[in-house]
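Below is one structure; the comments refer to it alone.
A short reminder: the numbers here are calculations on the coordinates, not readings from a lab. Predicted, not measured: the structure shown is a model, and the values here were computed from it. Cβ atoms come from the backbone with ideal geometry, glycine included; neighbour counts cover every protein chain shown.
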Amino acid sequence: MKRTLHALLALVIALSGCTTGPKFFSESQLAAMAATQFSQLKEEMTVSTDPAGTAQVNRVSRRIAEALGPDLPEADWEYVLFEDPSANAFAMPGGKIAVFTGLLKLVDSDDELAAVIGHEIAHVLLQHANQRMSAEVLRGVGGVVAAYGTKDMSDQNRALVLAAYGAGTQLGIILPYSRAHEIQADRLGLMISARAGYDPRAAIRFWEKMEQSSPSSVPEFLSTHPGYGTRLRTLQEAMPEAMRLYEEARRG
Ligand SMILES: [Zn+2]
């Protein structure tokens, strides 16, 4: 019998040995906010018309969504490839997945793309946006943009940040994840891609590549990360369990 990801989630949280933060929002509230924000982003940013890239994002996202179905029963899945040179991707509550063309350029296989999407959707499953937003409420939300600073960003990134902020809520995509959250997402992301039948070893190859890519294009998922050594150790520790899930998925 396949274990649900809930069991894995509990394991991930237990293994990472950190408590979860306060959550002031219901997941359905967050999903509703995310849906609004996501449609705004689609209007304000350019949706890619590259057929091969779009097909790849759809193919990999769909397989991951299918594998996650029972864990996110209310998700209204949507996958979009944005035309944007930055090497970035994100997922939002309610099953919204965005990949930027700048990231897709660095991806050499579906397995590698699955590593990225698995990581991003792991943040959603772990309700990290909820915790970050709740932490912002505690801190007082004002000045997030000022503190974050947009002047060194590309126009596209600035537009994304301002759109996210202007959409009324700090939904999470503009606030960096904590290191603890990154480690959790690395570990659970590996399980997610493996369970969808993607080779989890691709995660190591991909992060290695990202580490060597230019620092100016460092995406969200590396910017606050505890460094490649820690990430590699996390992935290697989780690899035997991920390989077991991968082989199980391949046997069908
Ligand atoms: Zn991340």
Lys and Arg at +1, Asp and Glu at -1: add these up for the other residues within a Cβ distance under 12 Å of Phe38 and post the number.
-2
What's the extension gain from Leu232 to Arg62 if we count 0.36 nm per residue and subtract their Cα-Cα distance?
58.5 nm
Can you compute the modelled spin-label distance between Glu83 and Glu247, with each label point 7 Å from Cα toward Cβ, in nm?
4.6
Of all DSSP beta bridges in segment 78-135, antiparallel share, percent nearest 5
45
Estimated FRET transfer efficiency when R0 is 35 angstrom, pair Glu44-Leu106 (beta carbons, to 0.05)
0.90
